[in-house]
Amino acid sequence: MKNTALTQKHIDLGAKMVPFAGYNMPVQYEGVKVEHECVRTGVGVFDVSHMGEFMLSGENTIALLNKVCSNDASKMVDNQAQYTCMPNKTGGIVDDLIIYRQSETEFFVVVNASNIEKDWNWIAENNDLGVEMANLSDEYSLLAVQGPKAAEAMQSLTHLDLANMKYYTFDKGTFAGIDNVIVSATGYTGSGGFELYIKNEDAEKVWDAVFEAGKDWGIQPIGLAARDTLRLEMGFCLYGNDIDDTTSPLEAGLGWITKFTKEFTNSEALKTQKEAGVSRKLIGFELIDRGVPRHDYLIVNAEGEEIGKVTSGTMSPSLNKAIGLGYVKKEYAAVDGEIFIQVRNKNLKAKVVKPPFYKA
């Protein structure tokens, strides 16, 4: 079990620690509802240092990214971030990731913690273009400072203009007295904020500075449980639940990051799938009957016939209703359609809705 540079901080704060993607991680501190509300209305801090970071550099970096990723890296400009995925050769997804263009020849790539080795090997196998690769995952810590008050609360720590940093852009500068911190206007909560990429040796100093700067805004540490409820309210996919090696980006509603203006891994097959239409779709749903949907619960029609499976489900703290994502046969995917979730042998009525579930 790996620790992050901040593990002792979480233990000292009384966090409940759990194994996650091979790391000892804080799942909650005060409680999921309190932490969730803190991010929706104020500012909270997640330690997500388990995420993986690669640096790709060289004149063929864009060509390599365009070969392995579904989105088009050639459309990016310096200091822009892009959400994308890496399709496999059989119609599924190796991983979803964010790429950061530092220059035309340098890209910082952030991948899911559970897929670090798999993603590294996949990119390396496809790297016949002489692109230099460096795995920096064990060198970096990552803090997500999220919520509508994040910019205001953090501005005293940096010369960067946080309030005017556009979504999915980033800059590198001094933060909390530390040079070369990557400050990115990204996150997994839908409530605004920033992600801070810092070297491990500076993590405690930045953590302490962030909490000192944010104390007048009611800043709190937030665990992975609230991170999951926040992302699910936005309908954001979680790798291993809503997308994996068997789900196509088109089935998952990720056609917007699947650009057929270029060739990439399995692009011909995916193009054919787009033209023919998918046989199943990832949908959002709200429970009408009382109950809570969970991963792998069956989705059935009015006759009780299996039509799909739940991939993510929870009781939404913001909406106070049960919500979820799941794959269903395409004929059941229409918004406002009636479906049923099997919970403890009962078929609970639900309605198909279009995410995000939560709208600020």
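The aspartates and glutamates whose alpha-carbon is closer than 20 Å to the alpha-carbon of Lys329, local same-chain residues fewer than 8 away aside, are Asp242, Asp244, Asp245, Glu251, Glu275, Glu286, Asp296, Glu303, Glu305, Glu306, Glu338. Only Lys, Arg, Asp and Glu carry charge here, each on its Cβ (+1 for the first two, -1 for the last two); on that basis the chain has a dipole of about 1360 debye about its Cα centre.
For the stretch 195-272, state which GluC sites (Glu not before Pro) are in a DSSP loop and have at most 16 other beta carbons lying within 10 Å of their beta carbon. Counting only loop positions with at most 16 other Cβ atoms within 10 Å, the GluC sites (Glu not before Pro) in the stretch 195-272 are Glu263.
Here the stretch 256-324 and the stretch 329-360 have alpha carbon centers that stand 9 Å from each other. If r is the Cβ-Cβ distance from Ser279 to Asn126 and R0 is 22 Å, what FRET efficiency results, to the nearest 0.05? Efficiency, from the Cβ-Cβ distance: 0.20. The magnitude of the dipole of the stretch 109-196, with charges of +1 and -1 set on the Cβ of Lys/Arg and Asp/Glu and taken from the Cα centre, is near 440 debye.
Estimated purely from DSSP H runs of n ≥ 4, each contributing -39500 (n - 2.57), the mean residue ellipticity at 222 nm for the chain is -5500 deg cm²/dmol once divided by its residues. Per residue, the Cα convex hull of the stretch 77-134 amounts to 95 Å³. Would you please classify the overall shape of the chain from the alpha carbon gyration tensor, given that a ≥ b ≥ c denote the square roots of the eigenvalues, rounded means a/c under 1.5, and beyond that prolate means a/b larger than b/c while oblate covers the rest? Since a/c reaches 1.5 but b/c is at least a/b, the shape of the chain is classed as oblate. Taking θ as phi - 60° and the Karplus parameters 6.51, -1.76 and 1.60, the scalar couplings of the stretch 330-341 work out to 4, 5, 10, 8, 5, 4, 6, x, 9, 9, 9, 9 Hz in sequence order, x denoting glycine and proline.
Less than 15 Å Cβ to Cβ from Ser49, Lys/Arg counted +1 and Asp/Glu -1: what total charge do the surrounding residues give? Working shown, then result.
On the way: positive: Lys2, Lys9, Lys199, Lys205, Arg227; negative: Asp47, Glu53, Asp138, Glu139, Glu195, Glu201, Asp202, Glu204.
Within the 15 Å Cβ shell, the charges total -3.
Taking the centroid of alpha carbons for each part, the stretch 46-85 and the stretch 132-180 are 17 Å apart. Simple rule: put +1 on each Lys or Arg Cβ and -1 on each Asp or Glu Cβ in the chain, find the dipole, and look at Ala322, Pro148, Val34; the Cα lying farthest toward the positive end is Ala322. Farthest towards the positive end of the charge dipole of the chain, among the residues Gly277, Asn121, Asn164, is the Cα of Gly277, using unit charges on the Cβ of Lys, Arg, Asp and Glu. For Lys16, a cut-off of 12 angstrom between C-alpha atoms picks up these aspartates and glutamates, skipping any fewer than 8 places away in its own chain: Glu30.
Membrane-span-like helices in the chain, defined purely by DSSP H runs whose alpha carbon atoms cover 20 Å or more axially and whose average Kyte-Doolittle hydropathy reaches 1.6, do not occur.
Excluding Glu132 itself, calculate the net charge of residues whose Cβ lies under 12 Å from the Cβ of Glu132, where each Lys or Arg counts +1 and each Asp or Glu counts -1. If you can, show how the numbers build up before the last one.
On the way: positive: none; negative: Glu59, Glu106.
Local charge sum for Glu132: -2.
Extension gain for Lys215-Val18 works out to 68.2 nm (0.36 nm per residue, less the C-alpha to C-alpha distance).
Shape analysis of the stretch 53-109 yields a ratio of the Cα radius of gyration to the Kirkwood radius, Rg/Rh, of 0.95.
For the stretch 71-83, 3J(HN,Hα) computed residue by residue from phi via the Karplus equation (6.51, -1.76, 1.60; θ = phi - 60°) reads 7, 9, 5, 5, 7, 7, 10, 3, 6, 10, 10, 9, 7 Hz, glycine and proline entered as x.
Distance check, please: which entries in Lys321/Lys351; Lys149/Lys359; Lys274/Lys330; Lys259/Lys359 exceed 23 angstrom between their Cα atoms? List each step's numbers first, then the result.
Numbers: Lys321/Lys351 12 Å; Lys149/Lys359 17 Å; Lys274/Lys330 13 Å; Lys259/Lys359 27 Å.
Exceeds cut-off: Lys259/Lys359.
Note on the stretch 279-353: with charges restricted to the Cβ of Lys and Arg (+1) and Asp and Glu (-1), its dipole about the Cα centre is near 200 debye.
Please identify every one of the trypsin sites (Lys or Arg not before Pro) in the stretch 228-304 that sits in a loop by DSSP and has no more than 16 other beta carbons within 10 Å of its own beta carbon. Can you show the working numbers first?
On the way: sites: Arg231, Lys259, Lys262, Lys271, Lys274, Arg280, Lys281, Arg290, Arg294; in loops: Lys259, Lys262, Arg290, Arg294.
Sites meeting the loop and neighbour criteria: Lys262, Arg290, Arg294.
Could you work out the relative contact order of the chain? I mean the mean sequence separation of Cα pairs under 8 Å and 6+ apart, divided by the number of residues, in percent.
On the way: 835 pairs, mean separation 62.7, N = 360.
Once normalised by length, the contact order is 17 percent.
Bear in mind that the values in this text are calculations on the coordinates, not laboratory data. Keep in mind that what you see is a predicted model, and the values were worked out from it rather than measured. Note that we place each Cβ from the backbone using ideal geometry, even for glycine, and neighbour counts take in every protein chain shown.
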